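Everything below concerns the one structure shown next.
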Amino acid sequence: MIREARSIVVLTGAGVSAESGISTFRDAEMGLWAKYDPMELAHIDAFHRDPELVTRWYHWRFTRCKDCTPNPGHHALAELQRQTEARGGSFSLLTQNVDGLHQRAGSTNVSEIHGTILTWRCTKTGKHHELEDIDFSSFPPTSEAGGILRPNVIWFGEMLPEKELERAFSDSSTCDVFMSVGTSSVVQPAASLIDLAKSHGARTIEVNLEPTPISESVDVSLFGKAGEELPKVLDQLNGEA
Ligand code: NAD
């Protein structure tokens, strides 16, 4: 399927970064944050209610991400992009992850539909700030304009970025193959993209540790770790397995 595809879309979720040491939300190893529900901290209302708590948590998550490195799953997707584009095909990587690991593995033109934790912005002026320029000695961090700084992620209760959404819908409705990797497929609208692709005739592949709501309707399910299954896919494509 992949070899014959002219256009491939891959949607990734937190599972693809799990082997890099970044917990998924549904399998959170929270340490000092054990008493908090990450799904609640990732809500715009939580930020309004308690900006200190939420910015502390995102700063903690950022420091975890910074120390992690891309795993074989991220590298396999970057290589799949190179090979697909080298033979004249198109490849679109849509990620729900905010950790920047796909880009660090060499993937290009990645669509971060839930934003990124790697830049923060001023709630007063909208100005973006690089992390190294932010004073995290107290929480919530503030800008020189006196506004609170928040991560550039899309929280529950917020609109997804229009441009990224348009691309996600457009690429999904025109691809030949749609792969869903390491996502529980319950967070909308990302979870509905595979149905859109399928309704336009795409073949569908899922890579996950366990069955998800889409498992029954995909053409191929690869149950296992993304960091093991994706390199195996590449090996098969290249005739090495
Ligand atoms: P999720 O936590 O809901 O689901 C993760 C999925 O990955 C599960 O289905 C699980 O079975 C699977 N999984 C776990 N380890 C895996 C592995 N090694 N290989 C393959 N699959 C594996 O995550 P989600 O679906 O991405 O949705 C939750 C939201 O949380 C997203 O919006 C995302 O933005 C955010 N989030 C991001 C990060 C990150 O940036 N790394 C981490 C946690 C949560």
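A compact table of results
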{"quantity": "Test: residue in segment 26-34 that is crowded, with 16+ Cβ neighbours inside 10 Å, farther than 21 Å from Val181 by Cβ and of a type in the set (A, V, I, L, M, F, W, C)", "calculated": "yes"}
{"quantity": "Segment 1-17: number of residues that are more than 15 Å from the ligand (Cβ to nearest atom) and not charged (D, E, K, R)", "calculated": "6"}
{"quantity": "From Gly106, Gly15, residue being on the phi > 0 side of the Ramachandran plot and in contact (Cβ under 8 Å) with a residue 24 or more places away in the chain", "calculated": "Gly106"}
{"quantity": "Any hit, segment 64-83, residues being within 12 Å of the ligand (Cβ to nearest atom), at pLDDT below 90 and in contact with a Leu (Cβ under 9 Å, 6 or more places away or on another chain)", "calculated": "yes"}
{"quantity": "Failed item, numbered, when Trp57 is tested on (1) surrounded by fewer than 19 Cβ atoms within 10 Å (Cβ to Cβ); (2) modelled with pLDDT under 95", "calculated": "(1)"}
{"quantity": "Boolean, Asp99 is touching a Lys or Arg at 6+ places or on another chain (Cβ under 9 Å), part of a loop (DSSP other than H, G, I, E, B) and either under 30 Å from Ser173 (Cβ atoms) or within 13 Å of the ligand (Cβ to nearest atom) (or both)", "calculated": "yes"}
{"quantity": "Matching residues, segment 18-45, being free of Cβ contacts under 8 Å to residues at least 60 places away in the same chain, more than 8 Å from the ligand (Cβ to nearest atom) and not in a loop (DSSP other than H, G, I, E, B)", "calculated": "Gly31, Leu32, Trp33, Glu40, Leu41"}
{"quantity": "Residue satisfying all of: in segment 200-215; within 16 Å of the ligand (Cβ to nearest atom) and of a type in the set (A, V, I, L, M, F, W, C); nearest to Ile22 (Cα to Cα) among these", "calculated": "Leu209"}
{"quantity": "Residues of segment 147-177 classified as under 18 Å from Arg56 (Cα atoms) and without any contact (Cβ under 8 Å) to a residue 24 or more places away in the chain, total", "calculated": "0"}
{"quantity": "Qualifying residue in segment 190-199 (condition: more than 18 Å from Ser90 (Cβ to Cβ), of a type in the set (Gly, Ala, Ser) and within 9 Å of the ligand (Cβ to nearest atom))", "calculated": "yes"}
{"quantity": "Filter result for Ser180 (among the polar types (S, T, N, Q), more than 25 Å from Ser23 (Cα to Cα) and either free of Cβ contacts under 8 Å to residues at least 60 places away in the same chain or part of a strand (DSSP E or B) (or both))", "calculated": "no"}
{"quantity": "Counted residues, segment 109-139 - those being of a type outside the set (S, T, N, Q) and either surrounded by fewer than 16 Cβ atoms within 10 Å (Cβ to Cβ) or more than 20 Å from the chain's Cα centre (by Cα) (or both)", "calculated": "13"}
{"quantity": "Which numbered condition Leu165 fails, given (1) under 22 Å from Asp37 (Cα atoms); (2) in a helix (DSSP H, G or I); (3) more than 13 Å from the ligand (Cβ to nearest atom)", "calculated": "(1)"}
{"quantity": "Any hit, segment 195-208, residues being among the polar types (S, T, N, Q) and buried (at least 18 other Cβ atoms within 10 Å of the Cβ)", "calculated": "yes"}
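Yes/no matrix, rows are residues, columns are (1) assigned by TED's automatic domain parsing to the domain that holds Ala46; (2) touching a strand residue (DSSP E or B) at 6+ places or on another chain (Cβ under 7 Å); (3) of a type in the set (A, V, I, L, M):
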site: Pro141; (1), (2), (3): yes, yes, no
site: Leu149; (1), (2), (3): yes, yes, yes
site: Ala168; (1), (2), (3): no, yes, yes
site: Ser173; (1), (2), (3): no, no, no
site: Val177; (1), (2), (3): no, yes, yes
site: Thr183; (1), (2), (3): no, yes, no
site: Leu196; (1), (2), (3): no, no, yes
site: Ser199; (1), (2), (3): no, no, no
site: Val207; (1), (2), (3): no, yes, yes
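The values are calculated or read from the model by the stated rules, or taken from the named source; none is laboratory data. These numbers come from a predicted model, not from an experiment. Neighbour counts run over all protein chains shown; Cβ positions are idealised from the backbone, glycine included.
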